[in-house]
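Take this structure first; my questions come after.
The values are calculated or read from the model by the stated rules, or taken from the named source; none is laboratory data. Because the structure is a prediction, the values reported are computed rather than measured. Cβ coordinates were reconstructed from backbone atoms using ideal geometry, including for glycine residues, and neighbour counts include every protein chain displayed. Calculation scope for accessible area: heavy atoms of the full protein, side chains included, ligands and nucleic acids excluded. Shrake-Rupley method; radii C 1.70, N 1.55, O 1.52, S 1.80 Å.
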Amino acid sequence: MQKREQGKSGGSSGGGSAPPAKRGRPFGSGSNSAAAAAAAAAADSAAPSILLGPSLHVHSSFADQNNKRIVLALQSGLKSELTWALNTLTLLSFKEKDDSRKDATPLTKIPGLLDALLQVIDDWRDIALPKELVKASRVRSLGTNSVVTGFGNEYQALGSTGTPHRPGSGSATTGTDSIQQNGVSKSRLSEVWFDEDSLFNLDDEGRAEKQQCAVAASNIIRNFSFMPDNEVIMAQNRHCLETAFQCIEDHIVEDEELVTNALETIVNLAPLLDLRIFSSSKPSFIKITEKRAVQAIMGMLDSSVKAWHCAAAELLGRLIINPDNEPFLLPFFPQIHKRLIDLISLPAFDAQAAAIGALYNLAEVNMDCRLKIASERWAIDRLLKVIKTPHPVPEVCRKAAMILESLVSEPQNRTLLLAYENAFAEILFTDSRYSDTFARILYELTSRPNNRVAMARGIWGM
């Protein structure tokens, strides 16, 4: 338990004092031409010489001077304002790998920004479900003073008088007359205007644009999660965590990039994440429970997408460091360790590294976890294969050896591990990097007084 306490204080999944590495790096959106216009207005002309290739820097005072405008633009519900705000925030949150600039924008500089970004994602989530699954209508809360918001074909949904046609309101011939005067069929468009139960009543094109805004907002939130100044704020924001967990919960039907951004945000915040926040007195927006959150992670772990199951394994390894999360994770441990051992057998080195990193922390939880890992079929063989191959990252091999040492500390596992005594001895004499670890493993197996019978079984097959 001493190693787990050190890991908790340092936020490291490996139990050291160094903070865990973030997944990947923040990336900016370069698909929108409006980003160049926002960059030209706010970028610093001097690019640092330490970076290779072109680089954009936002002036450090930009967020202070425009913080209210950015938040109001996100809340306006207008396409042009949202595009400007999202492009600007993408630049503010973007940071090259190993970038040494000091003008990173923490969320504390822009009050209300996180909630405004989450609202953009929530608005898309409200219309992402099919209409027959929508439980109740929502009151249009943003953009109520605007006839149109700019998304999709809303202008075509207007009648000749410039006002939208409400189905079922007014005379029954008003919409028909307008259709005949314009010579085009607008009945479907006018019905779409008030058909959806969300902020924007959109056609297919408008829904796609709204989805792009949600993905851009999730990318910004992901980028912000890389900044140490934002970690505490985001890890203690229940709305942020609920939105992220709901996105990964619906990974089968939700946009893949949105799911990936949400998952990587949670992974970055995992060292500070306490699952008890979902039963706290903080205001809840989506009613995510601790069990539901873990089930969402399990869905990611079982996914065939490599980026998802690797991130889920890393997330579980970081969550278990906090003893307060144990009661919510232990009921799922039989499924967790089985899937992690399956990931070790995959040829992908990053999947092996993520699985071993998680097992390394799980093996330190309690005796029951160590017994279940050792009794899992192929567990010992696959751990030894990672060491013998070896894995290109020496730290992964070291953790695999440390897992075996944790397993042999339980007397009930020693009989099982004696069958691998020759393999342990081979590594002891052939690989000096792990010789100390396997010397301790062999000592535990053979030096105990109560191990004489078990030792005879392991050597002579009795």
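For the range 111-129, name all the residues that are closer than 17 Å to Arg238 by Cβ, of a type outside the set (Val, Ile, Thr) and in a helix (DSSP H, G or I).
Within the range 111-129, Leu113, Leu114, Asp115, Ala116, Leu117, Leu118, Gln119, Asp122, Arg125 meet the criteria.
So, in the range 230-282, of the ones that are without any contact (Cβ under 8 Å) to a residue 24 or more places away in the chain and among the hydroxyl-bearing types (Ser, Thr, Tyr), which residue ends up least open to solvent (accessible area, probe 1.4 Å)?
Result: Ser279.
Kindly list, by first and then second residue, each pair from a residue in the range 413-424 that is farther than 17 Å from Arg370 by Cα and at pLDDT 90 or above to a residue that is of a type in the set (S, T, N, Q) and assigned to a helix (DSSP H, G or I), limited to pairs with Cβ atoms under 8 Å and residues at least 6 apart or on different chains.
Correct list of pairs: Glu421/Thr446.
What are the pairs with Cβ atoms under 7 angstrom where one residue, in the range 71-87, is more than 15 Å from Gly206 (Cα to Cα) and the other, located anywhere, is in a helix (DSSP H, G or I) and open to solvent by 60 Å² or more (accessible area, probe 1.4 Å)? Sequence gap at least six, or different chains.
So the pair list comes out as Ala73/Glu81.
Then there is this: For a quick check of your reading of the model, give me the residue pairs whose first member lies in the range 328-357 and is in contact (Cβ under 8 Å) with a residue 60 or more places away in the chain, whose second is part of a helix (DSSP H, G or I) and not aromatic (Phe, Trp, Tyr), with beta-carbon atoms closer than 6 Å and at least 6 apart or on different chains.
Gly357/Gly317
Among what's in the range 279-296 and is within 16 Å of Leu118 (Cβ to Cβ) and not charged (D, E, K, R), pick the residue that is farthest from the chain's Cα centre (by Cα).
Looking at the filtered set, the residue picked out is Pro283.
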